[in-house]
Amino acid sequence: MVSVSALDLDETHDPKRVAWLAVDESSDFPIQNLPFAVFSTAERSPRIGVAIGESILDLRALAEMGHLDGVIDRSILCGSTLNALMAVPHMRRRALRRRLSELLRVGGDPALRDLPNLLCDARTANLHLPARIGDYVDFYSSLEHATNLGRLFRPQGEPLLPNWRWIPIGYHGRSATIVPSGTPIRRPCGQRKAPDAAAPTFGPSVRLDIELEVGFFAGPGNALGDSIPVERAREHIFGSVLVNDWSARDIQAWEYQPLGPFLGKSFATTISPWVVTLEALEPFRVDGPPQQPPPLSYLAQREPENYEVALAVELRDARMRERGIASATISRTSFAAMYWSQAQQLAHASSNGAAVAPGDLFASGTVSGSVAGSQGSLIELTENGTRPLRLPDGEERRFLEDGDEVTLRGRCERAGYRSIGFGDASGVVLPANPPSST
Ligand code: CA
């Protein structure tokens, strides 16, 4: 745990600061958070908003009225994505955070209180993808997850391949199928081959799984041919979201060698729509686990680069939903123990001169802990389907069934600081829609 004096904190993190709007103690979005999203309502076309309790502040309207002049250009907040905001230098986005906190706090600038129509009820809003995601990378940065999956996919070999402790392993995913929380997930079809079968068959996946991950959106980024040094990586990270990297294990197991994940992953990826900024997460920045062997110099960190986020996976089947039975929490884990940090992931991803652009999304890889019930996927939680989970309605689960609803949650807590959260990343599994052969 890093000492508080090493953290880059300011008045916006003060736990005594409260908003003049009522915000419930359990809310993910107190004034210390101020996450951004793209929202719309019956009256408002898609636009940028910031969450405060159960309300959304319309930043486009606020900017157009001149209340952010001198802090940030109006045009940056008048689009229908966060890309332009993600592109601004990190000191500018900190200035915006301070201004918003000042407008919303008790005892601050009263300008906003005369403009109640700039706030809308979050329950009436649609939340969209927060950014135009140009590129999407998925890492594989949990030592426990990589070890568990290695054991399941290559039972005869060493679970961890020799490069894993040297390289933040990752692959480029499909950005076009990233969807916001609440989007239904169609069960994918594909080639599956049973171990003792001579040939594969094509059909709906029967081993549909989740992956609990945390992703970050890139900030300003680098020009082609340049790279982002690990010690400056945080300047190029805008903020984080929860990520469910839905995975068809049967399709994955047959297709992944020698080039890695493809159709077993690309059918859908769910993210939480509120982007929790790096500034909001600062009180929760901590040391990661020791790294052995020591990373090569371009990956060597001098400061703590991990974040203490308590993560949970909830599952509810169709019958539980119909009967009003609460979701079952099937996993609880922490993001703090990830082996490779976001800073190392970004330094590595740009180390060959590849350009990173504002709005690119980098997912952590499945977050798994070392104790029972702390794994971020069903294939780990059920030991490859051999130890099914029991749900509150008596149903058993090895992998996902049609109608199942999965919700990811994340919350940051630290003594002396106001807790903040990520909101939900959820999706319901729909039956497969096999392609017609005629
Ligand atoms: Ca993944």
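The values are calculated or read from the model by the stated rules, or taken from the named source; none is laboratory data. Just so we're clear, the structure is a prediction, and the values are computed from it rather than from any experiment. Here the Cβ is made from the backbone with ideal geometry for all residues, glycine too, and neighbour counts use every protein chain on show.
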Looking at Arg414, Arg398, which one is in contact with a helix residue (DSSP H, G or I) (Cβ under 9 Å, 6 or more places away or on another chain) and over 19 Å from Met320 (Cα atoms)? Arg414
Can you name every one of the strands (runs of 3 or more DSSP E) wholly within the range 292-387 that holds 3 or more residues which are within 17 Å of the chain's Cα centre (by Cα) and more than 16 Å from the ligand (Cβ to nearest atom)? 310-316
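Give the range 248-275 a look and list any residue that's of a type in the set (S, T, N, Q) and more than 16 Å from the ligand (Cβ to nearest atom), or say none. Break it down stepwise before answering.
Of the residues in the range 248-275, the ones of a type in the set (S, T, N, Q) are 252, 257, 266, 269-270, 272.
Gln257, the sole residue that qualifies.
Per-residue answers, yes or no, for (1) within 16 Å of the ligand (Cβ to nearest atom); (2) under 30 Å from Asn244 (Cα atoms); (3) outside the structural domain of Ala176 (by TED's automatic domain parsing); (4) not acidic (Asp, Glu):
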| position | (1), (2), (3), (4) |
| --- | --- |
| Asp69 | no, no, yes, no |
| Arg74 | no, no, yes, yes |
| Met86 | no, yes, yes, yes |
| Ala111 | no, no, yes, yes |
| Leu115 | no, no, yes, yes |
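Can you find a residue in the range 251-261 that is farther than 27 Å from Arg174 by Cα, in contact with a strand residue (DSSP E or B) (Cβ under 7 Å, 6 or more places away or on another chain) and touching a residue at least 60 places away in the same chain (Cβ under 8 Å)?
Residues of the range 251-261 farther than 27 Å from Arg174 by Cα: none.
No: the range 251-261 contains no residue that is farther than 27 Å from Arg174 by Cα, in contact with a strand residue (DSSP E or B) (Cβ under 7 Å, 6 or more places away or on another chain) and touching a residue at least 60 places away in the same chain (Cβ under 8 Å).
Every residue in the range 223-247 that is outside any helix (DSSP H, G or I), more than 12 Å from the ligand (Cβ to nearest atom) and within 22 Å of the chain's Cα centre (by Cα), please. Even if it seems obvious, please write down each step before you answer.
Of the residues in the range 223-247, the ones outside any helix (DSSP H, G or I) are 223-229, 237-247.
Checking which are more than 12 Å from the ligand (Cβ to nearest atom) leaves us with 223-229, 237-242.
Listed by number, the residues that qualify are Ile228, Ile237, Phe238, Gly239, Ser240, Val241, Leu242.
Looking only at residues in the range 197-222 that are within 16 Å of the ligand (Cβ to nearest atom) and either within 30 Å of Pro434 (Cα to Cα) or surrounded by fewer than 15 Cβ atoms within 10 Å (Cβ to Cβ) (or both), which one is farthest from the chain's Cα centre (by Cα)? Let's see the steps before the verdict.
Initially, the range 197-222 is screened for residues within 16 Å of the ligand (Cβ to nearest atom), giving 205, 207-216.
Next, only the ones that are either within 30 Å of Pro434 (Cα to Cα) or surrounded by fewer than 15 Cβ atoms within 10 Å (Cβ to Cβ) (or both) stay: 205, 207-213.
On the way: Ser205: 25, Arg207: 23, Leu208: 20, Asp209: 17, Ile210: 13, Glu211: 11, Leu212: 9, Glu213: 6 Å.
The selected residue is Ser205.
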Which residue, of Leu315, Leu296, Leu263, Leu311, is within 30 Å of Asn126 (Cβ to Cβ) and surrounded by fewer than 20 Cβ atoms within 10 Å (Cβ to Cβ)? Leu263
Could you list all residues from the range 384-417 that are closer than 30 Å to Tyr307 by Cα and without any contact (Cβ under 8 Å) to a residue 40 or more places away in the chain? Ala415
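Just checking, how many residues over the range 412-438 are part of a strand (DSSP E or B) and in contact with a strand residue (DSSP E or B) (Cβ under 7 Å, 6 or more places away or on another chain)?
So the first thing to find is which residues in the range 412-438 are part of a strand (DSSP E or B), and the list is 412, 420-430.
Now restrict to residues that are in contact with a strand residue (DSSP E or B) (Cβ under 7 Å, 6 or more places away or on another chain): 412, 420-422, 424-430.
Residues meeting the conditions: 11.
With Val179, Val206 as the choices, which residue is part of a strand (DSSP E or B) and in contact with a strand residue (DSSP E or B) (Cβ under 8 Å, 6 or more places away or on another chain)?
Values: Val206 fails: part of a strand (DSSP E or B).
From the options Val179, Val206, the qualifying one is Val179.
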Across the range 131-187, what is the number of residues that are away from the ligand (no atom under 15 Å from the Cβ), touching an Asp or Glu at 6+ places or on another chain (Cβ under 6 Å) and under 18 Å from Pro261 (Cβ atoms)? 1
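Return yes when Pro283 is away from the ligand (no atom under 16 Å from the Cβ) and part of a loop (DSSP other than H, G, I, E, B) and no when it is not. Spell out the reasoning first.
Details: away from the ligand (no atom under 16 Å from the Cβ): yes; part of a loop (DSSP other than H, G, I, E, B): no.
Against the criterion (away from the ligand (no atom under 16 Å from the Cβ) and part of a loop (DSSP other than H, G, I, E, B)), Pro283 does not qualify.
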